[in-house]
Each structure stands twice: as structure tokens, then as C-alpha cells.
Amino acid sequence: MREDYIRQLLRDVKEGAVSEEDAYEQLKELPYKEMDFANLDNHRRIRTGFPEVVYCEGKTPRQIRDIFAELAKHGTVMGTRATERDFAAVKQKLPDAEYHEAARIIVSKSSIDAADEPIGNVAVVSAGTADIPVAEEAAVTAETLGNEVSRIYDVGVSGIHRLFARLEDIRKADVVIVVAGMEGALASVLGGLVAAPVIAVPTSVGYGANFGGLSALLSMLNSCANGVSIVNIDNGFGAGYTASVINKRQKNND
């Protein structure tokens with residue numbers, strides 16, 4: 001549920017366009033909607049600036065379908081770590097839903113949010129092609145939450161001239177997300193080259209001593225570059241969400 005929706009509803013009640021009883025019916029599911037298997041946080045957008053996001057892994061397709069159907073009443077809905085089977089179930093109730101295969105994200109867009117202006121620009125930079133699935137999770141998340149996104153992929157340190165060729169494009173972003181596996185060095189390199197906040201995402205891409213992304217995570221945590229923050233291994237969603245929070249607060253302060 002959106003803040004502007006509630007404000008308009010209160011104005012309508014004050015002006016007599018909507019009765020108190022009708023307003024109560026519209027607001028009675030605030031702050032949450034109770035279902036047999038979930039309590040949906042309809043109040044989250046008002047508290048945090050963004051609506052609840054569905055983590056699909058571990059839920060049944062039927063549960064995901066019904067959660068999407070309820071949340072879609074209040075605006076755009078996004079579900080992460082989703083499968084094709086989950087998407088097929090959501091399409092039963094929301095035919096306009098889209099599935100971003102590389103990102104494993106389902107998005108059901110709402111006309112309620114369509115008129116919103118972009119909140120900022122995010123550059124998503126991947127070290128290698130193998131990092132793209134995590135980078136896409138970050139990119140689709142940032143787009144769905146209202147950012148303009150630039151994708152700059154396969155510019156890792158093993159061929160650093162590729163990065164320099166795109167550096168001016170990266171510097172135009174309000175927030176830079178760096179996605180890298182192996183030794184995770186790209187985050188430190190970019191952290192020393194751009195003025196924007198850098199959010200580093202270690203990935204599980206790499207050989208045995210990569211330890212499923214732990215080596216990249218530790219390298220990023222030990223970065224000597226200032227302004228680099230780190231999210232969990234393969235957590236593209238967390239990076240895209242955090243970038244959106246930064247941009248939204250900046251826009252609200254302008």
C-alpha cells in the first residue's frame with residue numbers, strides 16, 4: 001500500500017467523497033494480510049519506501065501464486081529465486097507477469113507504479129560472463145524498484161583495458177554495483193576510480209580454493225579502497241535493493 005494512496009483516501013474522507021465505512025474497508029488489511037501460510041506485510045512500503053519482496057525458494061508454486069495475487073492488489077510485485085514452475089503458477093492469476101530467466105526473478109508490474117519517475121541511476125558491473133546471473137539479479141531488482149540501470153559486463157581485471165573503456169559510463173551512475181567471483185579484485189579497483197558508493201557482490205564463481213565465494217568475500221571485506229560496502233555471496237538482490245535505498249533517500253533530500 002502506497003503513502004500517496006492513503007493520503008488521497010484521507011482527503012476523500014475529509015471532503016466527503018468517501019465514507020468512513022468505505023475507507024475502513026480499504027484500510028482494514030493494513031498493516032498486514034493474514035493467509036493460511038503467510039502474513040503479508042502491506043505496510044512495508046510506507047515504513048521502508050519499498051514493498052515486500054517474495055523470496056520464492058522453499059515455497060510451493062501455489063503459495064507463491066496466492067501471495068503474488070494478494071500483493072498485486074497494492075502495486076508491483078517481485079519474487080526472487082523463482083523457477084519456471086513458480087512462474088507458470090503466478091501466470092494463472094497474473095497473466096501479465098514476466099519471468100527474468102537469468103536473474104530468476106518474477107515481476108508483476110502495476111499501473112499504480114508506472115507513472116513514477118526514476119529514483120536514480122545504477123551501474124551494474126560484472127567481472128566475468130559467469131557472474132552475469134548474479135549481476136542480473138541485481139540489475140532487475142534495481143530496475144523493478146525504480147532505477148535506471150546500465151549493464152556493463154565482462155570487464156574484469158584479467159583484461160583491465162576493457163574496464164577503462166567503459167569507465168566514463170560507470171562514473172555517470174549514482175551507485176555502482178560490482179559483481180565478481182574468483183579473487184574479487186574488481187571491487188577494489190573500481191572503488192579507487194569512482195566517486196559513487198560501490199556495493200560489492202562476491203559470487204561463488206571460481207575453482208576449489210575460491211571456497212564457494214568465500215575468497216572473493218574476504219578480499220572485498222579487506223579492500224583498501226574507501227567507499228566499498230559488501231553484501232553476502234551471490235546476493236544480487238541485496239545489492240540492488242541497497243542501491244535503491246541510497247538513490248531513493250537522495251532523491252527525497254533533493
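The values are calculated or read from the model by the stated rules, or taken from the named source; none is laboratory data. Because the structure is predicted, anything quoted here is derived from the model rather than measured. Positions of Cβ are generated from backbone atoms using ideal geometry, with glycine treated the same way; all protein chains shown enter the neighbour counts.
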For this session: Please verify whether segment 70-82 includes one or more residues that are modelled with pLDDT under 95, more than 15 Å from Tyr241 (Cα to Cα) and of a type in the set (A, V, I, L, M, F, W, C).
Result: yes
Exercise. Is at least one residue of segment 152-174 touching a residue at least 60 places away in the same chain (Cβ under 8 Å), assigned by TED's automatic domain parsing to the domain that holds Glu137 and crowded, with 21+ Cβ neighbours inside 10 Å?
Worked result: no
Exercise. Does Glu29 satisfy being charged (D, E, K, R) and at pLDDT below 80?
Worked result: yes
Problem set entry | Pairs where the first residue, in segment 133-148, is over 13 Å from Lys248 (Cβ atoms) and the second is part of a loop (DSSP other than H, G, I, E, B) and modelled with pLDDT of 95 or more, C-beta under 6 Å, 6+ apart | Pro133/Ala102; Val134/Thr203; Val134/Asp234; Glu136/Ala102; Glu136/Ala103; Glu137/Ala103; Val140/Ala103
Exercise. So which of Arg151, Arg162 ends up being among the charged types (D, E, K, R), touching a Gly at 6+ places or on another chain (Cβ under 9 Å) and outside any loop (DSSP other than H, G, I, E, B)?
Worked result: Arg162
For this session: Could you pull out every one of the strands (runs of 3 or more DSSP E) wholly within segment 85-141 that has 2 or more residues that are surrounded by 15 or more Cβ atoms within 10 Å (Cβ to Cβ) and assigned by TED's automatic domain parsing to the domain that holds Ala180?
Result: 121-126
For this session: Would you point out which residue out of Val189, Val201, Val205 is in a helix (DSSP H, G or I) and either surrounded by 18 or more Cβ atoms within 10 Å (Cβ to Cβ) or assigned by TED's automatic domain parsing to the domain that holds Ser150 (or both)?
Result: Val189
Exercise. Looking at segment 98-108, which of its residues are on the phi < 0 side of the Ramachandran plot, modelled with pLDDT of 95 or more and not aromatic (Phe, Trp, Tyr)?
Worked result: Glu98, His100, Glu101, Ala102, Ala103, Ile105, Ile106, Val107
